[in-house]
Amino acid sequence: MKKFLINLLTFGIVIAIIVILLLSLGTDQGARYVYKGNTAYEPVVIQPKEYQCSECSMDIEAMEYSAQIITPEGDTYFFDDIGCVVDWLEGRKIETKKVITRTLDTGNWVDVDKAWYTRTASSPMGYGFAAYEHKKEGLIPYEEMKLLMLQGKHLHDPFVKKSLLGQ
């Protein structure tokens, strides 16, 4: 009986330690993917690591590659890579008021349909797509970028990577 009580007490202490460790690793806010109440439909200013990508759950750190989707209700979803926007929209039936991305050349927020995209950027998810406000040689429009993304013709494909980067 004494051995049983010692084993039970040991088990209880181990469980308590695990619970305490798990609680200490959490945050008071938890994961943050959506900003509510953006009825001005303007880009929400955030700090690096303040929000996570709504598609891949990575912290948004490289702000120059970030994108936002704003719904008619004023919900703003955040993304670390324009490729994540394409994937996220493909899997959902959601009405959008604005879909905007930061541009590498000016740092401005622009509508994704008005931006031009490179295929060889060092984007956070490694797809290679990044937005530019001003058109220059070699950049492609959003619809072409979207099609290439959905077809898997981005830098994750070794054949695409070799043809674009020679690697």
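Here are the numbers:
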item: J(HN,Hα) series, segment 149-166, from Karplus relation 6.51 cos²θ - 1.76 cosθ + 1.60, nearest Hz, glycine and proline x; result: 5, 5, 7, x, 9, 9, 5, 6, 7, x, 6, 5, 4, 5, 5, 8, 10, x
item: Acute angle (nearest 10 degrees) that the helix 2-25 long axis makes with the longest principal axis of the chain, alpha-carbon atoms; result: 30
item: For Lys153, net neighbour charge (Lys/Arg +1, Asp/Glu -1) across residues whose Cβ lies under 15 Å away; result: -1
item: Listed residues Val14, Val112, Val44, most fluctuating in the chain (Gaussian network, C-alpha, under 10 Å); result: Val14
item: Kirkwood hydrodynamic radius of segment 70-167, Cα pairs, Å; result: 13.9
item: Tally of Lys pairs whose C-alpha atoms are under 16 Å apart, taken over segment 34-165, 8 or more apart or cross-chain; result: 9
item: Karplus (6.51, -1.76, 1.60) ³J(HN,Hα), θ = phi - 60°, over segment 107-124, in Hz, Gly and Pro reported as x; result: x, 7, 8, 9, 4, 4, 6, 9, 8, 10, 10, 8, 10, 10, 6, 8, 6, x
item: Built amide H within the under 5 Å cut-off of Tyr51, gap 5+; result: Ile60
item: Segment 34-165, relative contact order [Cα under 8 Å, separation at least 6], %; result: 19
item: [x] 21.6, 81; [y] 17.3, 58; [z] 48.2, 172, with the label sought being that of the calculated Rg and Dmax of the Cα atoms in Å; result: [x]
item: Shape of segment 28-70, Cα gyration tensor, a/c cut at 1.5; result: oblate
item: Listed residue (Ile60, Leu5, Trp116) projecting farthest to the positive dipole end of the chain, Cβ model; result: Leu5
item: Note, ³J(HN,Hα) from phi for segment 83-90, Karplus 6.51, -1.76, 1.60, rounded to Hz, x at Gly and Pro; result: x, 5, 4, 4, 4, 5, 5, 5
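Where a number appears in this text, it was derived from the coordinates with a stated rule and is not lab data. Remember, it's a predicted structure, so these values are computed and weren't measured experimentally. Virtual Cβ from ideal backbone geometry, glycine too; neighbours counted across all protein chains shown.
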